[in-house]
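Worksheet: one structure, shown below.
The values are calculated or read from the model by the stated rules, or taken from the named source; none is laboratory data. Remember, it's a predicted structure, so these values are computed and weren't measured experimentally. In this analysis, Cβ positions are derived from the backbone assuming ideal geometry, glycine residues included, and neighbour counts consider all displayed protein chains. SASA here: full protein model, heavy atoms, side chains in, ligands and nucleic acids out. Shrake-Rupley method; radii C 1.70, N 1.55, O 1.52, S 1.80 Å.
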Amino acid sequence: MILVWLSGLVRRRAGRLAAVTVGVGTAVALLAAIGTFLSASKASMTERALARVAVDWQVQVAAGADPAQVAGALAAHPGTATTDVVGFASVPGLSATTPAPGGGTTVQTTGAAQVLGLPSSYRADFPGQVRILAGGNSGVLVAQQTAANLHVGVGDVVAVARPGLPDASVTVGGVVDLPQADTLFQKVGAPAGAQPAAPPDNVLLLPEDAWHQVVDPLAADRPELLSSQVHVARDAGLPADPAAAFVAETGAARNAELALAGAGVVGDNLAATLDAAREDALYAQILFLFLGAPGAVVAGLLTTAVAGAGRERRQREQALLRTRGATHRQVLALALGEAVLVGAAGAAAGLALAALLGRLIFGSPAFGTTAAAAAGWAGLAAAAGLAVAGLTIVLPAERAWRTGRVVAAVSLPRPSRPRWARIGLDVLALAGAAVLIGATSRVGYALVLAPEGVAAISVDYWAFLGPALLWLGGGLLCWRLTDLLLRRGRRPLALAVRPVAGPLAGVVSGGLGRSRALVTRGAVVLAVAVAFAVSTAVFNATYEQQALIDAQLTNGADVTVTEPPGAHVPPSAGGALAAVPGVRAVEPLQHRYAYVGADLQDLFGVRPTTVASATSLQDSWFTGGTADELMAELARTPDGVLVSAETVSDYQLHLGDTLQLRVQSGTGGGLIPATFRYIGVANEFPTAPKDSFLVARADYVARITGDDSVGSFLLDTGGRADSAATAAVAGAAGPGATVTPLSAAVATIGSSLSSVDMHGLTALELGFAFAFGVAAGGLVLALGMAERRRTFAVIRALGARGRQAAAFVVGEAAVVLVLGLVLGAVLGGVLAKALVAVLSGVFDPPPSSVAVPWTYLGLLAAGVTMGIVLACAAVLASVRRSGVAAMRES
Amino acid sequence: MVTGVTGPDPVLVECRDVHRSFGRGPTEVVALREVSCRVNRGQHVAVTGESGSGKSTLLHVMAGLEVPSSGVVTWPGLVLRGDRPGGVGVVFQAPSLLPMLDVADNVALPLLLADVPAGAARDRALAALDRLGLGGLSGAAPEELSGGQGQRVALARVLAAEPALVLADEPTGQLDRRTADSVVDVLLDTVDALGAALVVSTHDPAVADRLDEHWSMADGRLSAPVVSGAAR
């Protein structure tokens, strides 16, 4: 019997089945595709985390242990690819005698320094650890900051102070940057709070033999100054999932320590970065929940609306079955059969579409990082599709059986006030949402909780409740408002539809009121679909905006020209850069170092009245005033300085307090004490590091240091930073300067550990959102009107001409379109702001305002309108074609 | 082919060798086969025949709702609006009230479609409902009406438009005997009041006997008219 029924449905109700199948398939495709996004994101996070670690393990050799034996034990450990023994020596200082600008010589002496001994294979084994800036890649290498402190370059001699021994002299072979100095000079095995605040300022890298020559004599009297580490490169084939990789990695490190039996302590750099990556992975899952789950719900609602368009006909068929003796079980079995048919077909089509989208967008059709995860995710998506099909087909059948209704041949759903409206569920939900979202956005709320040193990582899922209540309350409020307008607003509706209905406006608006259950359903489904599209688009645009701001923060401007360390480049050198075609503004930026107490910080000297001409300063980067206000205050205060919030807290500063800083002198001679006045807080500044830093007036810094050298020039090229522009600037900058376009910073940030790759998710969600909008507008309307073909046929039979018959169709369509777009836009805007507030941790830096993608929203409105126009045209053409025959339809 | 002229001609509608078929090939259904007939002002005709004999199709062709596959339909005594005749009121077999309009709006709709101003259309609709004793149901929804009430509202819709020709397609097909008689009474009173011609398709002999002429249809063919001494 079921097969007969289903074959009849396929032959005679193919359109209805196809429409519901498409709805189910869309929901399944979105869920499964988001699963693909999650798996692809996690895998890429793990990959990027592993790629950015220069040295996987730094094993501190215990005092008295043999470094070679420790290296051998580690080499034999499963998963180890390479080991190198690195010597560390702490010396009192370094010094260098260099020619003075006016003739003669000067002697520069540093404070305590670290001298490392590297084996000859080190640079090949760990290429990310040392970056050559000048000179060769062998011999004695001096760190960039040290070279600046000593005023040395390639070929200069540096003396290494040795306690109780004469200084040892070495000749500089190259100047290098140590990109991961923080990690290189960590205290292996020490807790996070006991780590040094900053890496050493003075570092010398010697070949292994030279190192032994210099430091071995210290071993007899001062062994505590010497230590060794074994640097290990791993190739352990970690799982793609960051959390699983973290667990596997920490286990391997502990296992290695066990094998060393106290001879060494493993500093697991891999685990440290995987720790951050698993936090990023959780954020990716959160983004799915916040952005993807509503999409799946919208798809389900759309499918419900599509299936609901044929509910009357389905109920009549089931009523006929009842009158012919079908039992309750048989009727439900037929309904279940139909649900399984469309659910299975929709799930299969949805999974296929998801796999295709995954391949196209994310480069992988897999729904999970492992086979089990992929199967689970695909099963979950398919189950969701079957559930939607069951809810939209079986549930109404059960309800109809229980009420004993045999639906009249021609009737409308009786509009009655639903229970949720009587208890004000929409208002309650919105109030709850306001309280929760307000609470989470006021305090510095952390959605992802990853305490240091704790293997477990958790998400505060209560934070989801606010946006979920906002969705629920907003959708219900849309329903209430639409129903109210249709129920009580016959006059304003008549005015509104008069342009399309003419003299029939009164009858059309009256008809809309009586059909308000259908019209409300159409308008609310469209509003929810539009809200999903708007909220997703605004959130994604804001994310892109912040990513660009982050890149601008990192790079400083469209193009940045960084002078080599130790070079004396005056501000006037900016004139040559300003003359380059396309350069709109050039702003010099001084860069010094200054001690705040014992803390060495970067000091940036700016021209407060013009600095914003070449770079953008965001209000959210400052505390105690807007960017303009604090720059104006700096302009008024010659000795003013902006400090970080951490500095204010550490030193208990109050506005107006004077600070005694020791500023690096530009002309040699070490540090110069200088007085500054604390005038405000700068949390971010173009080119500034993530650590604490200082911003002062360039003229004041030049006066107290006797040096107006510029560290970098910030160039405004009107957003144009292509290779041609960059090459032109490089030509004017001269040799030695590094020219960095904004695109380089964008690429770096896009691959950084702290970012989640939103591009794929954005493409996926915006594409589905657009499809939902068009389907909600056109498809639901067309299907609903198709079920009322008889009504429109009667209207034509009563003498309606083409335009008159169209008035009823177009009037309803226009009301659905306008209400859907307006309510959807408002709800979507509110949702976007709420999402930005709750998900503030995803943004770096947090946005001060949302970005609105007007082009996409315009296309969405046009697409929805076009869908509705086509639906109207299809309905009218169908009525014209079928003529009187449609009147025989029941 | 459809043609028509304006003018006070006594012939309201004339069919000449009208042929109407649906579909093609083996599945073709011929509803009318070379049907020729004429309806004059004031004429009361019952078109009888079994189900599927073509009665409804003949009325639809007369109303201009369907275009013949061949043959000619003209409305010499009626004014054409586009390619359809004005002044024709149709009572459909199945309930034809629009569910999204209340009773008054349902009755007023044909007037509005004929460009009668909204106020005048509503007044005429209410007057028609009052005439049929349905004034209290003007604000009711169609699904709240019984079958007989629904058909009487459909008659009120015809009455309000004051047509010259009333075509009733099985108006009592879904009603019980008593209600059917009542509806036929109203129908005949309505056309008498308007001086309109009436064509009723029915397979109910009791209804057919109440009209002056009988046309019989079988397998799409119309037999010669029979004038009866109809007892109202």
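Results, tabulated for the structure shown:
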| item | result |
| --- | --- |
| Neighbours by Cβ (under 9 Å, 6+ apart or cross-chain): first from the range A:459-475, surrounded by fewer than 19 Cβ atoms within 10 Å (Cβ to Cβ); second at pLDDT below 85 and not in a helix (DSSP H, G or I) | A:Val459/A:Leu447; A:Val459/A:Val448; A:Val459/A:Leu449; A:Asp460/A:Tyr445; A:Asp460/A:Ala446; A:Asp460/A:Leu447; A:Asp460/A:Val448; A:Asp460/A:Leu449 |
| The one condition in (1) more than 11 Å from every other protein chain (Cβ to nearest Cβ); (2) buried (at least 23 other Cβ atoms within 10 Å of the Cβ); (3) not hydroxyl-bearing (Ser, Thr, Tyr) that B:Gly148 fails to fulfil | (2) |
| A:Ala527, sole failed condition from (1) part of a helix (DSSP H, G or I); (2) closer than 30 Å to A:Asp201 by Cα | (2) |
| Qualifying residue in the range B:74-81 (condition: aliphatic (A, V, I, L, M) and touching a helix residue (DSSP H, G or I) at 6+ places or on another chain (Cβ under 6 Å)) | no |
| Options A:Pro492, A:Pro503: the member that is in contact with a Leu (Cβ under 9 Å, 6 or more places away or on another chain), within 14 Å of chain B (Cβ to nearest Cβ), without any contact (Cβ under 8 Å) to a residue 12 or more places away in the chain and open to solvent by 10 Å² or more (accessible area, probe 1.4 Å) | A:Pro503 |
| Residue pairs meeting the criteria (Cβ under 9 Å; at least 6 apart or on separate chains; first surrounded by 21 or more Cβ atoms within 10 Å (Cβ to Cβ), in the range A:1-27; second part of a helix (DSSP H, G or I) and basic (Lys, Arg)) | A:Arg16/A:Arg313; A:Arg16/A:Arg314 |
| Single residue of the range A:403-443 satisfying the filter (under 25 Å from A:Val830 (Cα atoms) and of a type in the set (Ser, Thr, Tyr)) that is modelled with the lowest pLDDT | A:Ser441 |
| Condition check for A:Val59: of a type in the set (Val, Ile, Thr) and part of a strand (DSSP E or B) | yes |
| Which listed residue is crowded, with 24+ Cβ neighbours inside 10 Å and away from chain B (no Cβ under 14 Å), from A:Gly522, A:Gly556 | A:Gly556 |
| Residue selected from the range A:28-55 under the condition among the β-branched types (Val, Ile, Thr) and over 17 Å from A:Ala375 (Cβ atoms), by the criterion surrounded by the fewest Cβ atoms within 10 Å (Cβ to Cβ) | A:Val53 |
| Boolean, A:Val818 is assigned to a helix (DSSP H, G or I), in contact with a Lys or Arg (Cβ under 8 Å, 6 or more places away or on another chain) and farther than 29 Å from B:Glu162 by Cα | no |
| Checking A:Asp722 against (1) surrounded by fewer than 20 Cβ atoms within 10 Å (Cβ to Cβ); (2) touching a Ser or Thr at 6+ places or on another chain (Cβ under 7 Å); (3) modelled with pLDDT under 85, the condition it does not meet | (2) |
| Helices (runs of 4 or more DSSP H) fully within the range A:755-812 counting 1 or more residues that are within 14 Å of chain B (Cβ to nearest Cβ) | A:780-786, A:789-797 |
| Given (1) more than 9 Å from chain A (Cβ to nearest Cβ); (2) without any contact (Cβ under 8 Å) to a residue 40 or more places away in the chain; (3) in contact with a Leu (Cβ under 9 Å, 6 or more places away or on another chain), number of the condition B:Gly52 does not satisfy | (3) |
| Single residue of A:Thr542, A:Thr536, A:Thr562, A:Thr482 found to be under 30 Å from A:Ser665 (Cβ atoms), touching a residue at least 60 places away in the same chain (Cβ under 8 Å) and more than 14 Å from chain B (Cβ to nearest Cβ) | A:Thr562 |
| Criterion: away from chain B (no Cβ under 14 Å), open to solvent by less than 10 Å² (accessible area, probe 1.4 Å), at pLDDT 85 or above and within 28 Å of the chain's Cα centre (by Cα) - qualifying residue of A:Gly858, A:Gly863, A:Gly824, A:Gly829 | A:Gly824 |
| Qualifying position, being on the phi < 0 side of the Ramachandran plot, among the small types (Gly, Ala, Ser) and not in a loop (DSSP other than H, G, I, E, B), among A:Ala190, A:Ala161 | A:Ala161 |
| Residue among B:Leu98, B:Leu111, B:Leu78 that is of a type in the set (A, V, I, L, M), more than 17 Å from B:Val200 (Cα to Cα), more than 9 Å from chain A (Cβ to nearest Cβ) and assigned to a loop (DSSP other than H, G, I, E, B) | B:Leu78 |
| Any chance A:Val852 is open to solvent by less than 30 Å² (accessible area, probe 1.4 Å), under 13 Å from A:Ala541 (Cα atoms), in contact (Cβ under 8 Å) with a residue 24 or more places away in the chain and under 23 Å from the mean Cα position of the chain (by Cα) | no |
| Any hit, the range B:57-65, residues being touching a residue at least 40 places away in the same chain (Cβ under 8 Å), within 17 Å of the chain's Cα centre (by Cα) and surrounded by fewer than 22 Cβ atoms within 10 Å (Cβ to Cβ) | no |
| Qualifying residue in the range B:211-229 (condition: in contact with a Lys or Arg (Cβ under 8 Å, 6 or more places away or on another chain), open to solvent by less than 60 Å² (accessible area, probe 1.4 Å), among the hydrophobic types (A, V, I, L, M, F, W, C) and more than 22 Å from B:Glu14 (Cβ to Cβ)) | no |
| Residue that is modelled with the highest pLDDT [pool: residues in the range A:574-619 that are buried (at least 17 other Cβ atoms within 10 Å of the Cβ) and among the acidic types (Asp, Glu)] | A:Glu587 |
| Subset of the range A:265-289 (residues that are open to solvent by 10 Å² or more (accessible area, probe 1.4 Å) and under 17 Å from A:Ala32 (Cα atoms)) | A:Gln285, A:Phe288, A:Leu289 |
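Conditions tested, residue by residue: (1) farther than 19 Å from A:Gly174 by Cβ; (2) in contact with a helix residue (DSSP H, G or I) (Cβ under 9 Å, 6 or more places away or on another chain); (3) without any contact (Cβ under 8 Å) to a residue 24 or more places away in the chain.
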site: A:Val86; (1), (2), (3): no, yes, no
site: A:Gly93; (1), (2), (3): yes, no, no
site: A:Thr105; (1), (2), (3): yes, no, yes
site: A:Gln108; (1), (2), (3): no, yes, no
site: A:Ala113; (1), (2), (3): no, yes, no
site: A:Asp125; (1), (2), (3): no, no, no
site: A:Gly136; (1), (2), (3): no, no, no
site: A:Val152; (1), (2), (3): no, yes, no
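Listed here are the residues, each with its yes/no results for (1) open to solvent by less than 50 Å² (accessible area, probe 1.4 Å); (2) part of a strand (DSSP E or B); (3) under 21 Å from A:Asp84 (Cα atoms); (4) at pLDDT 95 or above.
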position	(1), (2), (3), (4)
A:Leu116	yes, yes, yes, yes
A:Ser120	no, no, yes, no
A:Leu133	no, yes, no, no
A:Val154	no, no, no, no
A:Asp167	no, yes, no, no
A:Gly174	yes, yes, no, no
